[in-house]
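The values are calculated or read from the model by the stated rules, or taken from the named source; none is laboratory data. In this text, all values refer to a predicted model and were calculated from it rather than measured experimentally. FYI the Cβ positions are ideal-geometry reconstructions off the backbone, even for glycines, and counts take in every protein chain you see.
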Amino acid sequence: MKSLLIILLSAMLTDNFVLAKFMGICPFLGVSKKLDSASGMGIAVTFVMICATMVTYPIHHGILVPNGLEYFDTVVFILVIALFVQLVETMLKKCIPSLYSSLGVYLPLITTNCAVLGVTVLNIDNNYSFIQSIVNALGAGLGFMLALVIFSGVRKKMEYADIPETFKGVPATLIAASIVSVSFMGFSGLFS
Amino acid sequence: MTYLIPIIILAGCGLLAGVLLTIAAKVFYVKTDERVAKISEALPQANCGACGFAGCSDYANAVVNSGAATNLCRPGGADAAGKIAEILGVAAAEVVPMTAVVHCNGNCDATSPQFDFDGVQSCKAVKRFYNGSGTCKYGCIGLGDCVDICEHDAISIVNGVAKVTPLLCGACGQCAEVCPNKLISIKPLSGHVDVLCSSKDNGKITKQSCSNGCIGCKMCEKKCASEAIKVIDFHAVIDYNKCISCGECVKVCPVKAIHSCMVAAEQKD
């Protein structure tokens, strides 16, 4: 139980996928403009991460390893992730159309979000058990949402800031992202 | 067998995923109004935003679902409005043909540059550098930011000044947005009398910097029978809601800053 909690918290804070491992930067910068779309995107990514882990883990250990096909991991995992992203997309279109339109192009882009593929591959690399893998995926997803929500708050403040003409827009956003990332370095060594 | 097993596994995964998605698509089927797709087809797909919506598909959606007017598409004009009305089964709304007009006539014969600019050749860059390179700070810079953005090839630089060909203009207003001096406005095609100057300097300074500039003498204002023309900030501005296109102001202007673009207007009709 204690080890599960450590996996959850370290995936969220010390090894935050966006701010410490620098995965999934594209949606991080693209969807963090508004709080509601940021949290919606976080939930969608968490859902896809957990579902993908639940399916990729048995596929890896049940089908690929017995046949000596470990090198097939990436291809099959991408296929599974694409499937779940498509599922989330059709579900959102039906249930929450407003969120569907506000996420726009970033929703299908979860497919190529390296954070999702990263979670599934790292679960295998770290030799986690099934439960540990799911907890790790949950932590990674929550960490992604945490980063997005924090950064949407930062960007809201930045809209009122007097930024020099040269830095307006993307440059200022990237600088702010790096500062948030530095602040997350404060967590390093917390659970080791 | 070494090759067969991976192929079978991958094909199996793909097939399974396909079946799952088909089921999901049936379960979560969203009924979309087919009129939206039809209207979207009838629009020019320029995605210019002149209608006030985010793009052609957004406008099509708004027409069907929130009752937006059918005559907002400027590039499509009467043609698109007619098609939309036909799809919706309502009477076609009247479309006033519009065109862009550049309010400057400071060509190479009338005015001169103050300095040579060797930086990035765009109006926006020049404008940032000491407010532009021309003697007149309000006039056309002539590097063609508007030409680049125009999707209808309606603007060209003639003798150092941007000129709109009303025949081609879709009146989407993107050029008006991109012009750093805000020289371009969208006006009804029928009102063909244009003031081709935007200088906010007083008469004396304008006269010194450009021989085609409006000096703000108010002769046109006095002559106008329908009170459509007003001198604001030392240059004349025409209210097209009142203008009857009589052309009296064109005749009376001492510096010939007011022009009649009648020929072009007749061609479009």
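Some notes on this structure:
- Residues of the range B:1-40 that turn out to be touching a Pro at 6+ places or on another chain (Cβ under 9 Å) and away from every other protein chain (no Cβ under 14 Å), as a count: 0
- A count restricted to the range B:1-40 and to residues that are part of a helix (DSSP H, G or I) and of a type outside the set (A, V, I, L, M, F, W, C) stands at 10.
- Flag if residue A:84 is within 14 Å of another protein chain (Cβ to nearest Cβ), under 15 Å from the mean Cα position of the chain (by Cα) and of a type in the set (Phe, Trp, Tyr): yes
- Candidates B:99, B:111, B:135 - the one that is touching a residue at least 24 places away in the same chain (Cβ under 8 Å), of a type in the set (Ser, Thr, Tyr) and closer than 30 Å to residue B:39 by Cβ: B:99
- Unique match (being closer than 19 Å to residue B:95 by Cα and either part of a helix (DSSP H, G or I) or basic (Lys, Arg) (or both)) among B:207, B:187: B:187
- Within the range B:236-253, the set of residues being more than 26 Å from the chain's Cα centre (by Cα), loosely packed, with under 15 Cβ neighbours inside 10 Å and under 14 Å from residue B:226 (Cα atoms) is empty.
- Residue match in the range A:18-27 (condition: facing chain B (nearest Cβ under 10 Å) and out of contact with any strand residue (DSSP E or B) (no Cβ under 8 Å at 6 or more places or on another chain)): no
- Test: residue in the range B:41-49 that is in a helix (DSSP H, G or I), more than 11 Å from every other protein chain (Cβ to nearest Cβ) and buried (at least 16 other Cβ atoms within 10 Å of the Cβ): yes
- Complete set of residues in the range A:92-104 that are surrounded by fewer than 17 Cβ atoms within 10 Å (Cβ to Cβ) and either more than 10 Å from every other protein chain (Cβ to nearest Cβ) or modelled with pLDDT of 85 or more (or both): A:96, A:98, A:104
- Of all positions in the range A:132-146, at least one carries a residue that is modelled with pLDDT of 85 or more, part of a helix (DSSP H, G or I) and over 15 Å from the mean Cα position of the chain (by Cα).
- Taken together, the residues in the range B:106-129 that are under 19 Å from residue B:159 (Cβ atoms) and assigned to a helix (DSSP H, G or I) amount to 2.
- Only one of the numbered conditions (1) under 18 Å from the mean Cα position of the chain (by Cα); (2) in the same structural domain as residue B:256 (by TED's automatic domain parsing) is not met by residue B:113, and that is (1).
So that you can scan it fast, the table gives a plain yes or no per residue for (1) among the aliphatic types (A, V, I, L, M); (2) in contact (Cβ under 8 Å) with a residue 12 or more places away in the chain:
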position	(1), (2)
A:85	yes, yes
A:100	no, no
A:132	no, yes
A:152	no, yes
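- Whichever residue in the range A:50-67 is within 11 Å of another protein chain (Cβ to nearest Cβ) and either among the polar types (S, T, N, Q) or within 14 Å of residue A:127 (Cα to Cα) (or both) and, among such residues, is surrounded by the most Cβ atoms within 10 Å (Cβ to Cβ): A:56
- Checked against (1) in contact (Cβ under 8 Å) with a residue 24 or more places away in the chain; (2) in contact with a Cys (Cβ under 8 Å, 6 or more places away or on another chain), residue B:169 passes all but condition (2).
- Qualifying positions in the range A:113-130 - of a type outside the set (A, V, I, L, M, F, W, C), in a helix (DSSP H, G or I) and touching a residue at least 12 places away in the same chain (Cβ under 8 Å): A:118, A:120, A:123
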